[in-house]
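The values are calculated or read from the model by the stated rules, or taken from the named source; none is laboratory data. As the structure is a computational prediction, the values presented were derived from the model and not from experiment. Virtual Cβ from ideal backbone geometry, glycine too; neighbours counted across all protein chains shown.
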Amino acid sequence: MREYNLSISGNSYIVSLIKVTDEEVVAEVNGVEHTVTINEIKTLSPAEYMPHCETQPSSMVTPIQPGQSPVSPSPVAVVGNGLISSPIPGHILELCVSVGEKVLEGQKILVLEAMKLENIITAHRAGVVKKILVRQGDAVTHGQGMVEIG
């Protein structure tokens, strides 16, 4: 479980996400547990949820700077031997590897935006990137394959 210290309109909140599914989010806010029912999930293009930003090609993506937005390493769902799948629904913000590249266990593979948080997806083992199944800006669903490492 992760704990976030947030400020909204000058008010401070301590938020712990206890459970997140496609149906509901259970969060503790300042010591009080809340269950939020999700009625609908829409996949928005970057232009729809960030109309003030220009979409950049992945080669021009600026590295994440401290203080820009919450960033957290995410648990990685691995299907089969080397397919890294999305642990949560979201959008691909940045691809950090290319096909044929050697990677180390724990190396950053991509950045996945979900619920306004940037999640760093890392390699679950050392190997070579065999396939990249997503592109920057793509929407992914829970369990969708993103990168295959052999």
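Here are the numbers:
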| item | result |
| --- | --- |
| Tabulated pairs, region 130-142, first assigned by TED's automatic domain parsing to the domain that holds Leu93 and of a type in the set (Gly, Ala, Ser), second part of a loop (DSSP other than H, G, I, E, B) and surrounded by 14 or more Cβ atoms within 10 Å (Cβ to Cβ), C-beta under 9 angstrom, 6+ apart or interchain | Ala139/Pro89 |
| Residue selected from region 106-125 under the condition at pLDDT below 90, of a type in the set (A, V, I, L, M) and in contact with a Gly (Cβ under 8 Å, 6 or more places away or on another chain), by the criterion farthest from Val15 (Cα to Cα) | Ala123 |
| Failed item in (1) of a type in the set (A, V, I, L, M); (2) closer than 28 Å to Lys19 by Cα; (3) part of a strand (DSSP E or B), with Val129 passing the rest | (2) |
| Members of region 132-149 found to be in a loop (DSSP other than H, G, I, E, B) and not basic (Lys, Arg), listed by number | Leu133, Val134, Gln136, Gly137, Asp138, Thr141, His142, Gly143, Gln144 |
| Pick from region 1-11, criterion in contact with a strand residue (DSSP E or B) (Cβ under 7 Å, 6 or more places away or on another chain) and not aliphatic (A, V, I, L, M), ranking: surrounded by the most Cβ atoms within 10 Å (Cβ to Cβ) | Tyr4 |
| Qualifying residue in region 49-68 (condition: under 17 Å from the mean Cα position of the chain (by Cα), outside the structural domain of Ser16 (by TED's automatic domain parsing) and at pLDDT 85 or above) | no |
| Only listed residue being within 16 Å of the chain's Cα centre (by Cα) and either aliphatic (A, V, I, L, M) or modelled with pLDDT of 85 or more (or both), chosen from Val20, Val103 | Val20 |
| Residue in region 102-115 that is crowded, with 18+ Cβ neighbours inside 10 Å and touching a Cys at 6+ places or on another chain (Cβ under 7 Å) present | yes |
